Structures are given as C-alpha cells and as structure tokens.
Amino acid sequence: MKSAASNGRILVVGAGIAGLSTAWALTRQGYAVEIFDQGPIPNPRSSSHDEHRITRHAYGTQEGYAYMMPQAFRAYEAMWRDIGANHHLPTSACYLVRGEQPWYDGVRLTLSTMDVGFRELDTAAIHARLPMVRLDEDTRVVETDKAGILYPIRILTDLVVRLAKDGAIFHADTKVSAIDPEKGTLTADGKTHAGDAIVICAGAWVSRLVPSLARTVTPSRQCILYLAPPRDLAEAWSQAPVIADVGPQITYCLPPRGNARLKIGDHHFSRQGDPDGDRIARQDEIDAVIACGRQTFKDFDSYTILERKICFYTVTDDEHFVVEPLGAKGWVSSPCSGHGFKLGALIGAGLASAIAGHVTSTELSAWAAGRLPYDTSSALFERMRIA
C-alpha cells in the first residue's frame with residue numbers, strides 16, 4: 001500500500017457505514033482522510049447505528065443488487081482482515097412466501113445464477129426449526145444459504161479504531177454547514193477545510209448539503225421493536241435464522257444471537273419526518289409493527305417489548321442507491337433505502353476505486369444503482385481492486 005498521503009487528502013462528511021467504509025477504502029488506495037460528523041463518532045443517531053442488520057443474497061426482483069452480494073461479502077471479508085475482527089454471524093435465511101409472489105421468481109433466477117443454495121422446507125422441518133412462525137394454507141417457507149447477521153455498532157467502532165491507526169483525522173460534533181464541490185472545500189463551525197476531493201455521506205441529512213438530491217431521496221422515519229420472546233420459545237429463537245415475511249406486509253426479523261436482542265421491523269417507508277426531531281415512537285408507528293408481528297409469528301402478543309426505537313434513513317422511489325460525482329471535486333453517496341448496511345463496505349470501496357480512477361463515474365453510478373447484469377457487475381468489481 002502507498003503511504004497515507006501519497007495520493008492526496010479526501011474530506012468525508014458523515015461517519016456512518018457509508019462514510020467510514022469510504023474512508024477505510026480510501027486509506028487502502030493510498031489517500032489521507034478527514035472525517036466530519038455532526039455528532040459523536042460513531043453517532044448513535046445515524047442511520048447505521050444498530051445492534052444487528054441482515055445480510056443476504058435473496059433480493060427478490062432487484063436482480064442487480066442480488067448480483068452484488070457476492071462482492072459485498074468479499075468486501076466485508078477484506079474489512080475483517082484489516083480491522084482484525086469478524087462481525088458477521090453466518091446463518092441461513094428463511095422467507096415466508098404467502099401465495100404467489102414475484103419475489104420468489106426473482107430469487108430462483110438470481111440464486112441459481114450465483115450458485116447459492118435454496119430450498120422449500122417441508123412441514124416437519126418448519127415445525128422443528130421454526131415453531132414460532134405462523135403459516136397460512138398457502139404459505140411456503142423458502143430457506144436460502146449464505147445469509148447472516150452483521151453487528152453495526154461493533155463494525156463502526158472497529159473502523160474508527162482502524163482509521164485512527166492509519167492516520168485519519170476525525171472532527172466529531174462538527175456540523176458541516178456548506179460545501180463547495182467545485183473547490184473540494186467545506187465549512188464547519190465557521191472554518192473552511194480544503195481537500196483534493198470531498199465526499200458527502202450524510203445519511204438522512206444528505207439533501208441538506210446537496211439540495212438537488214431532495215428530488216430523488218427522501219428522509220424516512222422508521223419504527224423497529226426490540227423484543228424478549230416467551231420462555232417456551234427462547235431456545236428455538238437462540239438458534240433461529242434470519243426470518244422475513246414477504247407478503248402481504250413485509251416483515252423482517254433478526255434473532256437474539258451474538259449478544260443482540262430479538263428485533264422486528266417492517267419494510268414500509270413513511271417518507272416523513274425530520275431526522276433532527278424527536279425519536280419517540282408514536283402509538284400508530286408501534287401498532288403497525290405489531291400488526292406485522294402478528295402476521296408473521298404465532299401468539300405474538302406473548303412477546304415482551306423491550307424498546308420502541310425510531311431511526312431515519314433516506315429512500316428512493318425504487319430503492320436504488322445514489323452514488324455520483326458532484327462538481328469538479330465532489331461526490332455524493334446515499335446508499336440507504338432500507339438495505340444499505342449489507343452493501344456498505346462494498347459501496348464505500350467502489351467509490352474509493354472511482355476516486356482513484358480504476359472505474360469511471362458512469363460505471364460506478366450504474367453499478368451502485370443495481371442496474372448491471374451479473375457478468376458486467378462481477379467484471380467491474382474485479383477492476384475495483386477491493387479484495
């Protein structure tokens with residue numbers, strides 16, 4: 001690797017998974033980095049700050065993102081080697097498919113293309129392994145391989161420690177008020193900072209620094225619940241895979257494994273709210289998640305709610321990521337829409353590769369938006385020099 005400052009200095013705004021992964025990848029490409037965040041680093045109000053998140057290859061009809069998942073696993077593996085810790089618990093993923101769903105058609109195609117195993121579970125296997133799920137007459141349970149759980153708080157913390165060792169400069173509790181992507185500068189707390197380039201990874205606040213994005217990305221207030229399962233199901237939950245219910249309402253669930261609590265949420269975007277506002281869950285928000293829980297799990301009212309959590313992230317109309325150049329010396333990265341963390345290391349590494357000139361901005365944007373077929377996406381990844 002080249003010395004830390006040999007390729008120039010990059011300013012990164014935002015210390016969530018997008019910003020920290022980009023900074024980490026830039027140091028691997030030989031750049032010096034400065035990282036700015038309006039809160040502490042890591043920031044507990046950021047979109048990325050959570051106990052656990054799902055990683056998976058099954059992406060329904062979003063074929064482009066499915067084809068990026070082998071790359072995403074490789075990017076995280078490179079990160080684990082660099083930070084000296086592995087924060088991924090491999091599991092399978094089980095999907096409750098109620099009736100005929102185009103989701104399953106897409107999964108059959110993409111998993112077969114990538115040679116990732118999947119199967120429908122018979123009734124005996126469901127009762128033995130998933131005694132907590134509620135089935136309708138037309139429900140199939142599809143199990144897929146190569147999924148698992150990521151532990152965001154641990155990942156973010158270890159990235160900060162690694163970046164500090166690599167000479168990164170951190171500006172915590174420093175609110176960026178203006179950027180000039182033509183000059184590669186930003187203004188924070190009345191002071192101007194200059195770099196060879198500037199990267200905006202500001203999460204739910206991104207359109208405040210890049211107003212043109214307001215037409216494309218919308219901050220969305222989301223509610224999740226942390227739960228304690230009933231005692232008679234505690235053992236089953238301790239060995240459970242990732243579980244998702246793909247219809248009619250989409251529910252996702254992470255089991256209480258790896259010293260994290262049982263978590264349930266829905267995949268409905270509110271497209272409302274102020275990320276600087278209160279984080280107190282309203283009863284209607286709580287009730288919506290409870291309704292999903294009742295759809296997915298037997299006797300859901302026997303579960304104890306431990307925490308009602310509000311988080312924010314940006315969403316686009318079709319859930320694609322926005323990663324694109326901004327002026328002569330700027331880039332903006334908004335990889336959220338409720339599925340960004342699993343791809344965080346990969347998108348950050350891809351953006352660093354574009355800054356280093358290994359791929360073009362046009363290629364990067366199309367790839368990050370999930371627009372590329374399998375072979376094209378895989379070939380582009382090899383040029384990125386990530387792992």
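A convex hull fitted to the Cα coordinates of the range 301-387 yields 157 cubic angstrom per residue. Using only the Cα atoms of the range 22-115, each taken as one equal point scatterer with no solvent, compute I(q) by the Debye sum, divide by I(0), and report log10 of the ratio at q = 0.14, 0.24 Å⁻¹. Computed log10 I(q)/I(0) values: -0.75, -1.30. Only one residue of GLY327, ILE355, GLY340 has its Cα farthest out toward the positive end of the dipole of the range 272-385, where Lys and Arg carry +1 and Asp and Glu -1 on Cβ, and that residue is ILE355. Computed from the C-beta positions of ALA194 and ALA128, the FRET efficiency with R₀ = 56 Å rounds to 0.35. A DSSP coil position with no more than 15 other Cβ atoms inside 10 Å describes the following trypsin sites (Lys or Arg not before Pro) in the range 311-387: ARG371, ARG385.
Note on GLU120 and SER212: the model spin-label points, each 7 Å out from Cα along the C-beta direction, lie 4.9 nm apart. Charges were assigned to the Cβ only: +1 to each Lys and Arg, -1 to each Asp and Glu. The resulting dipole of the range 9-384 about its Cα centre is roughly 780 debye. Note on the range 1-67: Rg/Rh from Cα positions, Kirkwood definition for Rh, rounded to two decimals, is 1.10. Computed over every Cα-Cα pair of the range 132-242 and binned at 10 Å starting from 0, the pair-distance distribution P(r) comes out as 9, 23, 27, 19, 15, 7, 0 percent. The label point for ILE305 and the one for ARG371, both projected 7 Å from the Cα toward the Cβ, are 4.2 nm apart.
Placing R0 at 30 angstrom, the Cβ-Cβ distance between ILE153 and LYS175 gives a FRET efficiency of 0.85 after rounding to 0.05. The Rg/Rh ratio for the chain, using Cα coordinates for both the radius of gyration and the Kirkwood hydrodynamic radius, is 0.97. Maximal additional length on extending the GLN272-ASP232 stretch stands at 10.6 nm, based on 0.36 nm per residue less the C-alpha distance. For the cross-link pairs LYS165/LYS191; LYS263/LYS309; LYS146/LYS342, which exceed 18 Å when the distance is taken from alpha carbon to alpha carbon? Exceeds cut-off: LYS165/LYS191. One chain, two ends: ARG74 and SER361. Fully extended at 0.36 nm per residue, the span grows by 101.1 nm beyond their Cα-Cα distance. Modelled this way, with points 7 Å down the Cα-to-C-beta line, the labels at VAL161 and ALA291 are 4.4 nm from one another. Out of every Cα-Cα pair that the range 177-319 contains, those further apart than 22 angstrom amount to 52 percent.
Every number in this text was worked out from the coordinates using simple rules, so none of it is lab data. Just so it is clear, the structure is predicted and the values come from calculations on it, not from any experiment. Here Cβ is always computed from backbone atoms with ideal geometry, including for glycine, and neighbour counts include all displayed protein chains.
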